[in-house]
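Trainee: Here it is: the structure, laid out below.
Any read-out appearing in this document is the output of simple, stated calculations on the displayed coordinates, not a laboratory observation. Treat the numbers as computed from the prediction; the structure is a model and nothing was measured. Note that each Cβ is placed from the backbone with ideal geometry, even for glycine, and that neighbours are counted across all protein chains shown.
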Amino acid sequence: MSEMKVLFHVNETEAWTKSLGNITNFLKDQPQGKVEVVANGPSVTAFTGSCQANGGGGCGCSLQKGDLLEQMGRLSNEGVVFAACRNSLKIYDIDEKTLPSFVKVVPAGITEIAAKQSEGYAYIKP
Amino acid sequence: MSEMKVLFHVNETEAWTKSLGNITNFLKDQPQGKVEVVANGPSVTAFTGSCQANGGGGCGCSLQKGDLLEQMGRLSNEGVVFAACRNSLKIYDIDEKTLPSFVKVVPAGITEIAAKQSEGYAYIKP
Amino acid sequence: MSEMKVLFHVNETEAWTKSLGNITNFLKDQPQGKVEVVANGPSVTAFTGSCQANGGGGCGCSLQKGDLLEQMGRLSNEGVVFAACRNSLKIYDIDEKTLPSFVKVVPAGITEIAAKQSEGYAYIKP
């Protein structure tokens with residue numbers, strides 16, 4: 001079998017922890033696997049928790065959000081792509097310029113998910 | 001890329017609002033896209049909220065349900081197909097004849113979802 | 001159309017009842033259909049509820065869990081494959097040797113789900 005390609009759809013904030021755990025376990029099992037995460041809905045607010053995102057230094061960002069972003073950053077270094085839906089960023093009033101550098105903004109999350117499936121990515125909704 | 005085809009699976013009443021929002025945003029981004037929604041489980045009860053469905057005139061239907069049906073009707077006019085699982089309609093004691101005219105009844109929701117995926121529809125679970 | 005192949009992803013304990021109902025209805029509609037269920041996360045704890053799994057005799061297993069396992073056993077007899085993620089079994093401290101004989105353990109649930117989709121299985125998240 002050629003390399004596996006998997007698309008994770010995250011649309012709830014509560015789904016991040018299990019999603020990142022799923023991805024970590026998948027990459028241990030399939031180190032050559034390709035992973036993209038598409039976040040839409042309230043889940044995009046998780047991208048704003050870092051001190052970096054908030055300008056750094058003494059911010060009151062929650063430990064939990066910081067932990068998620070740290071995990072995302074590590075997975076990004078392993079090649080995982082994190083995409084955020086622009087429509088959702090607007091709804092949650094998130095300035096794209098404040099996002100961590102590893103986040104790719106896409107015009108519409110659903111379009112991205114459909115495009116990836118047509119490229120042979122398996123769909124997973126954690 | 002040819003036209004995108006997307007199948008939305010809605011099996012909870014609470015998922016309607018975000019699903020219809022996702023579809024609206026997708027069609028803004030991909031006006032030629034094809035969309036089908038398959039509803040099974042309790043989500044099918046949302047099809048019964050309109051005055052039209054209840055015979056019209058002075059019905060006590062909730063505003064929220066009426067809003068959902070109005071949105072569905074608009075999306076139906078843009079070509080979105082709404083399919084309801086017959087098994088689920090029976091469980092929730094819904095008479096098919098009372099459904100809005102834009103709802104297509106399918107014998108089994110899961111079969112419809114699988115058939116659409118084999119026709120190249122991307123699967124989305126909002 | 002050739003036989004339909006459907007993969008059910010169950011990652012919450014609460015999703016078992018509707019999942020088994022969906023599968024039952026699907027197989028009534030498509031008796032030649034092939035079904036695999038991949039369980040990961042807390043959903044794997046449902047495999048431990050039977051008296052059989054607990055060594056039998058006077059166990060305090062809940063009726064509900066016993067009912068689920070009985071339904072799974074019946075569906076397994078009809079050809080439905082039940083796969084449990086080994087990572088999740090470890091997290092929930094479940095000894096593989098105590099699992100019902102119809103449960104197949106897979107190294108990583110996400111890999112199994114992706115592999116099945118690449119074999120033409122439709123993905124369903126109940």
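Trainee: Let me spell out the model: positive unit charges on the Cβ of Lys and Arg, negative unit charges on the Cβ of Asp and Glu, origin at the Cα centre of chain C. What dipole size does that give, in debye rounded to 20?
Mentor: Approximately 100 debye in magnitude.
Trainee: Provide the FRET efficiency to the nearest 0.05 for the A:THR13-C:GLN32 pair, computing r from the beta carbons and using R0 = 45 Å.
Mentor: Computed FRET efficiency for A:THR13 and C:GLN32: 0.65.
Trainee: What is the minimum Cβ-to-axis distance for chain B, in whole Å, where the axis maps B onto C, and to which residue does it belong?
Mentor: Looking at chain B's Cβ atoms against the axis toward C, the nearest is B:LYS125, 3.
Trainee: On to the next question. How much space per residue, in cubic angstrom, does the convex hull of the C-alpha atoms of chain A take up?
Mentor: 95
Trainee: Another question, then. What value, in deg cm²/dmol to 500, does the helix sum -39500 (n - 2.57) over DSSP H runs of n ≥ 4 give at 222 nm once divided by the residues of chain B?
Mentor: -11000 deg cm²/dmol
Trainee: By what distance, in whole Å, do the Cα atoms of the stretch B:69-126 stretch along each of the three principal axes, largest value first?
Mentor: Computed over the stretch B:69-126, the largest-to-smallest principal extents equal 32, 27, 18 Å.
Trainee: Let me ask something additional. On a 0 to 90° scale, report how tilted helix B:16-29 is relative to the longest principal axis of chain B, with both axes built from alpha carbons and the result rounded to the nearest 10.
Mentor: Approximately 40 degrees, to the nearest ten.
Trainee: May I ask for the net charge around B:LEU99, where only other residues with Cβ less than 14 Å from the Cβ of B:LEU99 are counted and Lys, Arg are +1 while Asp, Glu are -1?
Mentor: Neighbour charge sum, excluding B:LEU99 itself: +2.
Trainee: Moving to a separate point now. Given the C-alpha atoms of the protein assembly as shown, compute the convex hull and give its volume per residue in Å³.
Mentor: 166
Trainee: In debye to the nearest 20, how big a dipole does the protein assembly as shown give about its Cα centre with +1 on each Lys and Arg Cβ and -1 on each Asp and Glu Cβ?
Mentor: Roughly 240 debye, rounded to the nearest 20.
Trainee: Name the most mobile residue of C:ILE91, C:ILE113, C:ILE23, meaning the one with the largest mean-square fluctuation, in a Gaussian network model of chain C with Cα contacts below 10 Å.
Mentor: C:ILE91
Trainee: Residue by residue through the stretch A:117-126, what is 3J(HN,Hα) from phi via Karplus (6.51 cos²θ - 1.76 cosθ + 1.60, θ = phi - 60°)? Round to whole Hz and write x for glycine and proline.
Mentor: Values per residue, Gly and Pro as x: 4, 6, 8, x, 6, 6, 9, 10, 10, x Hz.
Trainee: Under 8 Å for C-alpha pairs, at least 6 residues apart: give me the relative contact order for chain B, rounded to a whole percent.
Mentor: It rounds to 34 percent for chain B.
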